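First the structure, in the form of structure tokens, and then the observations on it.
The values are calculated or read from the model by the stated rules, or taken from the named source; none is laboratory data. Note that the structure is a prediction, hence the values are computed from the model and not measured. In this analysis, Cβ positions are derived from the backbone assuming ideal geometry, glycine residues included, and neighbour counts consider all displayed protein chains.
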């Protein structure tokens, strides 16, 4: 998506070109059926039937519902026993389907306990989909949409009003969050930002990218400082890995081990985060950070993204190089 956006922005290709259209279809397909994909994987995690989870995701994106990205043009309501239900789909959303599939998994487990084995194969899937589908459309879907929109609103407001201070804070703290493993939950929030028609960009991932690059800079400084051959053998590939967005080796293998390099990386991440927020660097997808993240950065932001990486890497490298700490051989 990032590469297509870049070639389109710079006029390197005609958007009406058949090849461009086909590539665009391939790159955006996952976002169009995102609730179905999430429904499948979430059901497996919650202990439910993944195919029923995918079916529930399909219900939430059914063509009978107005596409979530076309709500501005108007939508219909449905009278359900006196309740006016907005016929709005959940394309590109995350929280509604996660909550709905969690509820579905509970319903499925309870039904399997209550229904005799002879009827389980027929009745359990049928009743699970009917019950979960109704509850999802009537209650869980609207509540999940409100939750996702609320989180997106808070984050976008914070970024808009706090500006570089928010980038400083998020960039500085992200690596601490990585240690806990909670950072994996951010993917859902980022997908929600991209799927929100009023936002449509990922302003968090550039900040995380700066934090990752900073870990690489701090780790490389250890490679220069240490005389321990074993530490050098770990530090160099770990620093390179962090520059590609995979920081676990740098964090746990080197930087946390000596602590001060980790602190240097936090400082570098904060500096880089402040920069990318202040110059409005945005990404158009999820998953890629650091150098590979250049592929999904908005074309107009690419130069500032590279500058941000240089800042994050450079600050972390210099601070880690200047701080006094001992490696194993010293």
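Looking across the stretch 14-38, just one residue is part of a loop (DSSP other than H, G, I, E, B) and either modelled with pLDDT under 70 or surrounded by 14 or more Cβ atoms within 10 Å (Cβ to Cβ) (or both), and that is 33.
Taking residue 56 as the residue in question, decide whether it is part of a helix (DSSP H, G or I), touching a strand residue (DSSP E or B) at 6+ places or on another chain (Cβ under 7 Å) and surrounded by 13 or more Cβ atoms within 10 Å (Cβ to Cβ). Here the answer is no, as residue 56 does not meet what is asked.
For the stretch 305-320, a residue qualifies if it is closer than 25 Å to residue 11 by Cβ and surrounded by 15 or more Cβ atoms within 10 Å (Cβ to Cβ), and the qualifying residues are 305, 307.
The numbered conditions (1) surrounded by fewer than 19 Cβ atoms within 10 Å (Cβ to Cβ); (2) touching a helix residue (DSSP H, G or I) at 6+ places or on another chain (Cβ under 6 Å); (3) assigned by TED's automatic domain parsing to the domain that holds residue 257; (4) in a helix (DSSP H, G or I) are all true for residue 131 except (3).
Quick one: would you say residue 112 is surrounded by fewer than 17 Cβ atoms within 10 Å (Cβ to Cβ), in the same structural domain as residue 63 (by TED's automatic domain parsing) and in contact with a helix residue (DSSP H, G or I) (Cβ under 6 Å, 6 or more places away or on another chain)? Judged against the criteria, residue 112 is a match. Pull up the stretch 59-72, narrow it to residues that are surrounded by fewer than 20 Cβ atoms within 10 Å (Cβ to Cβ) and modelled with pLDDT of 80 or more, then point me to the one that is farthest from residue 36 (Cα to Cα). The selected residue is 64.
No other residue among 302, 323 is touching a residue at least 24 places away in the same chain (Cβ under 8 Å), over 30 Å from residue 228 (Cα atoms) and surrounded by 16 or more Cβ atoms within 10 Å (Cβ to Cβ) apart from 302. In this structure, residue 264 qualifies as crowded, with 22+ Cβ neighbours inside 10 Å, closer than 23 Å to residue 229 by Cβ and touching a residue at least 40 places away in the same chain (Cβ under 8 Å). Checking 158, 205, 193 one by one, the residue that is in contact with a strand residue (DSSP E or B) (Cβ under 7 Å, 6 or more places away or on another chain), free of Cβ contacts under 8 Å to residues at least 60 places away in the same chain and under 30 Å from residue 32 (Cα atoms) is 193 and no other.
Of the residues making up the stretch 234-270, those that are at negative phi and not in a helix (DSSP H, G or I) are 244, 246, 247.
Applying the condition of being part of a loop (DSSP other than H, G, I, E, B) and in contact with a helix residue (DSSP H, G or I) (Cβ under 7 Å, 6 or more places away or on another chain) to the stretch 74-106 and asking which residue is surrounded by the most Cβ atoms within 10 Å (Cβ to Cβ) yields 90.
Just give me the residues in the stretch 267-287 being surrounded by fewer than 23 Cβ atoms within 10 Å (Cβ to Cβ) and touching a strand residue (DSSP E or B) at 6+ places or on another chain (Cβ under 9 Å), in sequence order. Selection gives 282, 284, 285, 286.
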